[in-house]
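A.B. asks: Below is a structure I'd like to ask you about.
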């Protein structure tokens, strides 16, 4: 037989399943928001629970709530962070504005578990209240943006930074492995002057390294917390020392260098920090799409494409064509990156939708930003390990393309002039004669001069700035 307890709020009474740690406000949200079936991300839950642990300990220290109550709330937080009661966070991500429903879900779960820890029963909020104790000195309006900040920092450390480091490392390894592979460059998808395959991969590594720097710089904005601003940024109902102490406690618990925002009202109203970080992820995503597409082009074939490289086959590529292998990891990367760019657009639109003292679109921003970090990190880690690391070069085919490229004529510009060079290229394309043959027939240069000028080894050497060479080594 199902057992229930009765809980009461300002709107009346509801029956709550006896086994549930959530309470009446969560139950109302479950009924109201049956939208997507998507529940809060684990890292977002972790961020909110960590905030509640810090606030409980600080409020107990400051005498705002009983010490025993603060300790029991903190223990409940530790249990959840260790993996207990994770299925109690049940509110759809599309919910009440600002995230009040999810916030109360957290408050109720912690209050009911703390009640059990003191030997009482769930729902006896006279002893430990979701509002008066777990949420003392707080508001959804300062807790949720703080949770997005801390969740963002956590997600960057868990997903993005390790994936970027792995990707850079694999690209650099390939750059060294392919440093002597000469191939035709291509601009506008047309033949261009020779390059080294290794230099192309070294360029990719530099691109990803530059994005890492940009993301880390933008992430500094996440370290300023509006926690302590309470409902409207004035700090109403908070202890004078609360904001500083809770930032210090959160720094201790998370390992991040967190500090109170100089203006809590501004930190609660503006979503610009999240837009900024999301923008760096979008920027990274668009370059990763370009790199993934390059890999797909270079691997195209095997008979009718470039086939300058071979991506590692990881699964059959067709339900009807036997022996076909597709660049599935690169394709997956593109899909994830496109989703991240879509999330970024939604974040930007949500960020401008705030009014006066609050932005009520924070639940959307929270999910989109943190999910972007999770899926992009996972995708790039997969790209590095299941694609980049196993790439091999078709050196002979690369060299054949380079030797047959009409753009070799570019090296003749400074010796016989642009117009003469263009005329020779046209004749070569029309007659099938080599560039060397035509130049010699016209008596424009000697065979010795041509051998020196059309030296592919020299032509394909990248002329990097000394600062880059020093930094890359």
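A.B. asks: Being out of contact with any helix residue (DSSP H, G or I) (no Cβ under 7 Å at 6 or more places or on another chain) and surrounded by 20 or more Cβ atoms within 10 Å (Cβ to Cβ) is the requirement here; does residue 405 meet it? Reasoning before the result, please.
C.D. replies: On the way: out of contact with any helix residue (DSSP H, G or I) (no Cβ under 7 Å at 6 or more places or on another chain): yes; surrounded by 20 or more Cβ atoms within 10 Å (Cβ to Cβ): yes.
When the stated conditions are applied, residue 405 passes them.
A.B. asks: Looking at (1) buried (at least 23 other Cβ atoms within 10 Å of the Cβ); (2) assigned to a loop (DSSP other than H, G, I, E, B), can you tell me which one residue 127 breaks?
C.D. replies: Failing condition for residue 127: (1).
A.B. asks: The conditions are (1) in contact with a helix residue (DSSP H, G or I) (Cβ under 6 Å, 6 or more places away or on another chain); (2) buried (at least 21 other Cβ atoms within 10 Å of the Cβ); (3) modelled with pLDDT of 95 or more, and residue 243 fails exactly one of them. Which is it?
C.D. replies: (1)
A.B. asks: Condition (residue is in contact with a strand residue (DSSP E or B) (Cβ under 9 Å, 6 or more places away or on another chain), at pLDDT 95 or above, farther than 24 Å from residue 243 by Cβ and not in a helix (DSSP H, G or I)) applied to segment 94-101: is it met by at least one residue?
C.D. replies: Checking segment 94-101: not a single residue is in contact with a strand residue (DSSP E or B) (Cβ under 9 Å, 6 or more places away or on another chain), at pLDDT 95 or above, farther than 24 Å from residue 243 by Cβ and not in a helix (DSSP H, G or I).
A.B. asks: Among the residues of segment 27-71, write down those that are outside any helix (DSSP H, G or I) and either out of contact with any helix residue (DSSP H, G or I) (no Cβ under 8 Å at 6 or more places or on another chain) or surrounded by fewer than 21 Cβ atoms within 10 Å (Cβ to Cβ) (or both).
C.D. replies: Hits for segment 27-71 are 33, 34, 35, 36, 37, 38, 39, 41, 62, 63, 64, 66.
A.B. asks: Return yes or no: is residue 463 part of a helix (DSSP H, G or I) and either under 30 Å from residue 331 (Cβ atoms) or outside the structural domain of residue 190 (by TED's automatic domain parsing) (or both)? Reasoning before the result, please.
C.D. replies: Details: part of a helix (DSSP H, G or I): no; either under 30 Å from residue 331 (Cβ atoms) or outside the structural domain of residue 190 (by TED's automatic domain parsing) (or both): yes.
No; evaluated as a whole, the condition is false for this residue.
A.B. asks: Something else about it: Which residues, taken from segment 306-332, are out of contact with any helix residue (DSSP H, G or I) (no Cβ under 8 Å at 6 or more places or on another chain), at pLDDT 95 or above and farther than 27 Å from residue 376 by Cβ?
C.D. replies: Correct list: empty.
The values are calculated or read from the model by the stated rules, or taken from the named source; none is laboratory data. For clarity, every value in this text was computed on a predicted model and none was experimentally measured. Quick reminder, even Gly has a Cβ in these numbers, built from the backbone with ideal geometry, and neighbours come from all protein chains shown.
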